[in-house]
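All remarks here apply to the structure that follows.
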Amino acid sequence: MELKDANLYEADIIIAAGLPLTWSGVQKQQFTAYLKQNKSVTFTYNGIDYNVDISGVMIYPQGYAAIAPFAISMKGLSIVADIGNGTMNTLYAVDGKPQSGTLYTEKFGTYQCTLAIRETFMRQTQRELNDYIIDSVLRDGKADIPETDLQLITAVAEEYVEGIFRRLREHGYDVNTMRLFVTGGGGCLIEHFYKGDTKNIVFVEDICAAAKGYEYLAEKQLMAGKSYE
């Protein structure tokens, strides 16, 4: 779509992508090699042929990328929670600067919440629940379903969200002295199902925030004259 918007059909590109925080060090080289396995790629999109040469790959940690464009304006102690489909990535920042040794990745993404809802619903009602219904409730906090069904789904979602904050507290999060930045698809769960005070919680609602962050970081690195893989 970006190539089409720029009226380009051939281009040299640099891929800016990300990995979960604590996985990036171990998997960076392998992931980079995977993304560079084809130097030239030809494909068709909406009936138009494109040809691109992959000049390089730049890998960044998930979580921080979503707040990188405005990190310079962050003051005091903050924790960033990037809650994706499969993992939750957290990091601490002081005045917007990530602190080494405070990066955590847990397999506690929204998919785990979906599984818990599906299994609990089946166990208590002996009925299968379509994932579309689950997604609707998690995304909007409601759905056109019987109130008893909604209450059951809501109860499991609230328990899942409490699990998020329990894990954050285990890593040192303090609701009174730290600001929490929430990004990723799991943010809507906290918005709808968290029972605590949200005055110190900032929701990064742009679904493209991580991708924009990768691009921002890549541009800063290139402008600084740093090489890419």
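The values are calculated or read from the model by the stated rules, or taken from the named source; none is laboratory data. Bear in mind the structure is a predicted one, so any value in this text is a computation, not a measurement. Every residue, glycine as well, gets a Cβ built from its backbone with ideal geometry; the counts of neighbours run over all protein chains shown. We work out accessible area using only protein heavy atoms, side chains counted, and drop any ligands, DNA or RNA first. Shrake-Rupley method; radii C 1.70, N 1.55, O 1.52, S 1.80 Å.
Some points to look at:
- The range 100-212 - accessible surface per residue (Å², probe 1.4 Å): 57 Å²
- Rounded to 10°, Cα long-axis angle of helix 24-35 versus longest principal axis of the chain: 60 degrees
- The chain: angle of helix 209-223 to the longest principal axis, Cα-based, in degrees nearest 10: 30 degrees
- Segments 51-64, 110-123, 130-143 sorted - mean Cβ within 10 Å per residue, highest first: 51-64, 110-123, 130-143
- Taking 32 Å as the limit for the C-alpha separation, the pairs LYS4/LYS107; LYS142/LYS199; LYS39/LYS97; LYS4/LYS75; LYS97/LYS195 exceed it in the case of LYS4/LYS107; LYS39/LYS97; LYS4/LYS75.
- With an a/c value of 1.5 or above and a/b not larger than b/c for the gyration tensor axes a ≥ b ≥ c computed over the alpha-carbon atoms, the range 51-98 is described as oblate.
- Diffusion constant of the range 14-65 at 25 °C, which comes from Stokes-Einstein with the Kirkwood Cα-pair radius and 0.890 mPa s, µm²/s: 200 µm²/s
- For the pair GLN30 and HIS171, a Förster radius of 45 Å applied to the C-beta separation gives a FRET efficiency near 0.95, rounded to the nearest 0.05.
- Sites matching trypsin sites (Lys or Arg not before Pro) across the range 1-36 that sit in DSSP coil, with at most 16 neighbouring C-beta atoms within 10 Å: LYS36
- Principal-axis tilt of helix 110-125 within the chain, Cα atoms, nearest 10 degrees: 30 degrees
- Site pair LYS75 and THR198 shows an inter-label distance of 2.4 nm when each label is modelled 7 Å from Cα along Cα→Cβ.
- Projecting the Cα atoms of VAL161, GLN126, GLY172 onto the dipole axis of the range 95-179, where Lys and Arg carry +1 and Asp and Glu carry -1 at the beta carbon, places GLY172 farthest toward the positive end.
- Considering only ILE13, SER55, TRP23, and ranking their Cα positions along the charge dipole of the range 1-59 that arises from unit charges at the beta-carbon of Lys, Arg, Asp and Glu, the one farthest toward the positive end is TRP23.
- Rounded if a/c under 1.5, otherwise prolate or oblate - the range 27-162, Cα gyration tensor axes: oblate
- Debye, to nearest 20: dipole size of the chain, +1 on Lys, Arg Cβ, -1 on Asp, Glu Cβ: 740 debye
- Spin-label model, GLN221/GLN99: points 7 Å from Cα along the beta carbon direction are separated by 2.5 nm.
- Near VAL182, once Lys and Arg are set to +1 and Asp and Glu to -1 for all other residues with Cβ below 11 Å from its Cβ, the sum equals -2.
- Oblate is the label for the chain, because a/c, from the alpha-carbon gyration tensor with a ≥ b ≥ c as root eigenvalues, is 1.5 or above and a/b does not exceed b/c.
- Our note on the geometry: Cα centres of the range 167-224 and the range 11-26, 19 Å apart.
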